[in-house]
1. How much accessible area per residue does the range 233-348 have, in Å², with a 1.4 Å probe?
2. Using only the C-alpha atoms of the range 1-86, find the volume of their convex hull and express it per residue in Å³.
3. Mind checking the full-extension length gain between ASN96 and LYS6? Use 0.36 nm per residue of separation minus the Cα-Cα distance, one decimal, nm.
4. Taking N as the number of residues in the range 243-400, what is its Cα Rg relative to 2.2 N^0.38 Å?
5. What does the charge dipole of the chain about its Cα centre add up to, to the nearest 20 debye, if the Cβ of each Lys and Arg holds +1 and the Cβ of each Asp and Glu holds -1?
6. Say the dipole of the chain comes from +1 at the beta carbon of Lys and Arg and -1 at that of Asp and Glu; which of ALA372, SER92, GLN78 then lies farthest toward its positive end?
7. Testing the spin-label approximation: label points 7 Å from Cα along Cα→Cβ at ASP140 and LEU30. State their distance in nm.
8. How many nm is it between the label spots at PHE71 and SER367, if each spot is 7 Å from the Cα in line with the beta carbon?
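The values are calculated or read from the model by the stated rules, or taken from the named source; none is laboratory data. Just so it is clear, the model here is predicted, and its values are computed rather than measured. Note: ideal-geometry Cβ built from the backbone for every residue, glycine included; neighbour counts use all protein chains shown. What goes into the accessible areas is simple: the full protein's heavy atoms, side chains included, and nothing from ligands, DNA or RNA. Shrake-Rupley method; radii C 1.70, N 1.55, O 1.52, S 1.80 Å.
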Amino acid sequence: MARSIKWVYDSMAMYYYWSADMPPHPDYSLPTEQFFKQLLSPNDRFSWISNRTTIGATKTAAETYGFYYSFTIHPFDQQKLIGVITSVIPGSNANNRGLKRGMLFSAVNDRPITVDNKKATKEALQAAAATLQLAAFNTDRSALVDSARIGVQSAIVPQKSVYATHVFENNGKKTGYLAYYLCAEKDDAVMLQSIQKLQQQGVTEFILDLRYNPGGSVASATKLAALLTSNFNAGNKFITYRGNKHGGTVVQTFQQAISFSSNAAGKSMSDLQAWNLNLSRVYILTSAETASAAELLTHNLEPYTNVVRIGEITLGKDEASFPIEDQRNPRQVAWVIMPIVYKIADANGKGDYATGLTPHHAVVETSKLPLAPIGKPGDLPVDKAFMLIYGTTAVSVTVL
């Protein structure tokens, strides 16, 4: 038996959430990647293996090029779809190529987008390079016409957590808004400063925009959650992890979850207590891109404050994983695996949202084109929050 095969099997047997369901007699003659895949549960969408060079996790267009997108029915041809760029990461290849939120594309690699080739189009937007055929409405908005062809390439996509911090006001009532698109520990200080600014503005309502947050650090998500609970107590339970027979059940308080952070910002419980917004409810904007730690933040807040979800069903990653690699020195197995190790639940043990978190108020932001700027009046999920808070979308906007 190859050394790497045995290492993969032993590691999965120890850590994998579905280890009890692994085949009792796997095919040990398979190459390492195929051997790993035959061990996976049919319920597993996220575990992966990497040889550190050519084999690894499948990346999204956001991770590859730096832009998020959504498909919607072509406004003038019901047999076709149109791509809508919903968010662009600053400093990414997509940003450098001039792509912006609200731009439309009608084809990928010169292939028009249809319902039938939707999956293939998504796969094309995960390749090392792709070409988008941009489209735009004509002057009287009676047709959609092709414009420039833009090529995008795989490149390192810079991380950025806070995209916008606003205060909305109507009739003296102030609402804070935070577009938080990555739970990244390096940005904890920036996130905390945004919350402090909102606190200083005297906001009494809060909109947390997680539409394009793929997750990241659980510790960072917990820091933000601590600032949004109605009565923050560092010793309150926040996360329940359920593992296999070896992992068992692990319950973490706010303080315990935050203690794993590598960033000192927000690790002081007294600071979090002082910066808490003392909210009675939180409006959270979600999409199909909202995943992992961002879903945990959305779901696990519910025992502590009234959460109102607006937007679309989330990805449904109610799971946690960590990289496993050969710790021997020198390393004898080059592979690294990232298996699902735990299922995630809240303080009360409630979890099981693998099909995604369903919004209380369903809003598809691409149902009205062109898209408004993120976090401004006209941005449909934000408008819905305005209607719930104020009964109108007529608000003043202060950008912090």
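1. Numbers: 4670 Å² over 116 residues.
Here the residues of the range 233-348 average 40 Å² of exposed surface.
2. Details: hull volume 13.7 nm³, N = 86.
Hull volume normalised by residue count: 159 Å³.
3. Numbers: separation 90, 0.36 × 90 = 32.40 nm, distance 4.48 nm.
Stretched fully, the ASN96-LYS6 segment lengthens by 27.9 nm.
4. On the way: Rg = 19.6 Å, N = 158, 2.2 N^0.38 = 15.1 Å.
It is 1.30.
5. Values: 37 positive and 32 negative charges, 67 e Å.
I would put it at about 320 debye.
6. SER92
7. Label-label distance for ASP140 and LEU30, simple model: 6.0 nm.
8. That separation, rounded to one decimal, is 2.0 nm.
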